[in-house]
1. ALA280 is checked against (1) in contact with a helix residue (DSSP H, G or I) (Cβ under 7 Å, 6 or more places away or on another chain); (2) buried (at least 24 other Cβ atoms within 10 Å of the Cβ); (3) closer than 18 Å to GLN32 by Cβ; (4) not β-branched (Val, Ile, Thr) and fails just one. What number does that condition carry?
2. Looking at this structure, is VAL116 crowded, with 17+ Cβ neighbours inside 10 Å and either in contact with a helix residue (DSSP H, G or I) (Cβ under 6 Å, 6 or more places away or on another chain) or not hydrophobic (A, V, I, L, M, F, W, C) (or both)?
3. Could you tell me whether region 480-503 includes any residue that is farther than 25 Å from LEU384 by Cα and either assigned to a loop (DSSP other than H, G, I, E, B) or in the same structural domain as LEU60 (by TED's automatic domain parsing) (or both)?
4. Applying the selection to region 92-126, what residues are in contact with a Lys or Arg (Cβ under 9 Å, 6 or more places away or on another chain) and in a helix (DSSP H, G or I)?
5. Within region 50-58, can one find any residue that is part of a strand (DSSP E or B) and farther than 26 Å from PRO174 by Cα?
6. Are any of the residues in region 103-110 over 16 Å from the mean Cα position of the chain (by Cα), aromatic (Phe, Trp, Tyr), modelled with pLDDT of 95 or more and buried (at least 24 other Cβ atoms within 10 Å of the Cβ)?
7. Name the one entry in ASP139, ASP131 that is more than 22 Å from the chain's Cα centre (by Cα), surrounded by fewer than 22 Cβ atoms within 10 Å (Cβ to Cβ) and either of a type in the set (A, V, I, L, M, F, W, C) or part of a loop (DSSP other than H, G, I, E, B) (or both).
8. Working only within region 5-44, note down all residues that are part of a loop (DSSP other than H, G, I, E, B) and under 36 Å from the mean Cα position of the chain (by Cα).
Amino acid sequence: MSKSFSVKANLVDIERRKIIPSQIQVSNGIIQSIVEIQEAFDNYILPGFIDAHVHIESSLLPPSSFARLAVNHGTVATVSDPHEIANVLGFSGVEYMLDNAAQVPFKFFFGAPSCVPATHFETAGAELNPDEVNTLMQDKRIFYLSEMMNYPGVINQDKEVHDKIKFAHAAGKPIDGHAPGLRGVDLEKYINAGISTDHECFTIEEALEKLELGMKILIREGSAARNFEALHPLLEKHANNLMFCSDDKHPDSLSLGHINDLVVKAISLGYNLFDVLQVACINPIKHYKLPVGLVKTGDSADFIIVKNLENFEVLQTYIGGDCVFNMGSNCIPHVVSTVINNFRVEPISKSEIKYEPKSVQEVIECLEGQLVTGCLLVPREKLLPSNDFLKLVVVNRYSKTKPAIAYIKNFGLEKGAIASTVAHDSHNIIAVGTSDEEIANAINLVIAEKGGLVACHKDECKILALPIAGLMSDKDAYEVADLYTQLDEYTKTGLGAKLKAPFMSLSFMALLVIPHLKLSDKGLFSGDTFSFVN
């Protein structure tokens, strides 16, 4: 436990909406006193930022390494859904995240994944049955029921879905939502089940309807899904019921910024300082009942010191009285992580992914900055890489089955292929490329590593191995961020990818619970009808 110390700065009292020059005394990790003083300061002290919904695994880092990057930007806590690793390893995957997180001074608040597998239209590596969810809900380290993606099950009174909801209510823990585009009577049924948040709004009209029905809305800005531009006007009148989140953040963008980026954007647009900070710092604590300090006497000493209230340059980050980031120096050590995995697939041949498209083929339209996709109907003769129609392949990594094949537009690859074992939600192998030979090569390079990200063209390739569940690296956070940056740069400059985050976008092309058209290991799937195409 930290020793006694004091700090002086301008205290940003968010709830009282005042800025007060103060001296704060800390002992044994607890704020002992806050005294107003008559001094002038350049710096500001305020509660730390909280990511109100994130899948830690999407940073390609285990929790201990994620923390090393997050604290640099003033993040002191996350509301974390271990849904990704649960789809690979089940209950043991959730336990892995809890155990790894406990090794560093950062406040991770995990939920119990509600939908593993996310659907029965794909092959996952494991499942969490209602009894296992109930066991997790009794665990004091579990703070909520994670996003309920099976909104058809909620609406149609699916027993297994409602058993999980019942367990959360019995434990007195909130339930996160996931209902993109859900409106009207079905939305009311979904909310009436007790589901209290949503981070999937992609129009302000949808968000307003959900707010009016009592939901908390999370404004998301991740590596691929970016809804801040669409939703920031909500800050004007609805700050009490908003939170900020990243949802999915790759290591290169996490190394550059986190929730602080949303704060800076909002302040630059002229929104009220105290409203913005309430969204970033206070609302998650109150909604999820998190044991995180708010810079009050008797609170845990969880706070940050920033240079100014315009760009919020973080000078120091304190968690439980420990200084975890100090004037550009990270104070959280790298933890050597245990490697666990679930990977049972043999290399494939290019002949296995031959496919004769229909005379008019349904094509996935990847949309920049969105998880939703379009659905195009394209004549067979137009399906050429020169027209930016590329073959998309998903290979089951848990057993030997025939690959699933479709076509996709907007990746912009001019040559080569990319492949990944980060493929929401079941995390099979997903690949896109300009020829069968290139795609098969990329997939086999991933298989050789038993998980990872690959970009390749002929004999040239860039690889980021992900030995932990095929989702996370065991290397130091800074090394992973650097390796990913190199991989991303090669994918864009070497292969011609046009998307801002090609690997993150690729990972969502298998996410069946987001409309409109996606590809699972079992085939092309419509998120509108919740059924396979043809």
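The values are calculated or read from the model by the stated rules, or taken from the named source; none is laboratory data. Predicted, not measured: the structure shown is a model, and the values here were computed from it. In this analysis, Cβ positions are derived from the backbone assuming ideal geometry, glycine residues included, and neighbour counts consider all displayed protein chains.
1. It is condition (3) that ALA280 fails.
2. In short, yes.
3. no
4. Those that are in contact with a Lys or Arg (Cβ under 9 Å, 6 or more places away or on another chain) and in a helix (DSSP H, G or I): LEU98, ALA101.
5. For region 50-58, residues part of a strand (DSSP E or B) and farther than 26 Å from PRO174 by Cα: absent.
6. Yes, region 103-110 contains at least one residue that is over 16 Å from the mean Cα position of the chain (by Cα), aromatic (Phe, Trp, Tyr), modelled with pLDDT of 95 or more and buried (at least 24 other Cβ atoms within 10 Å of the Cβ).
7. Answer to the selection: ASP139.
8. Across region 5-44, the qualifying residues are ILE14, GLU15, ARG16, ARG17, ASN28, GLY29, ASP42, ASN43.
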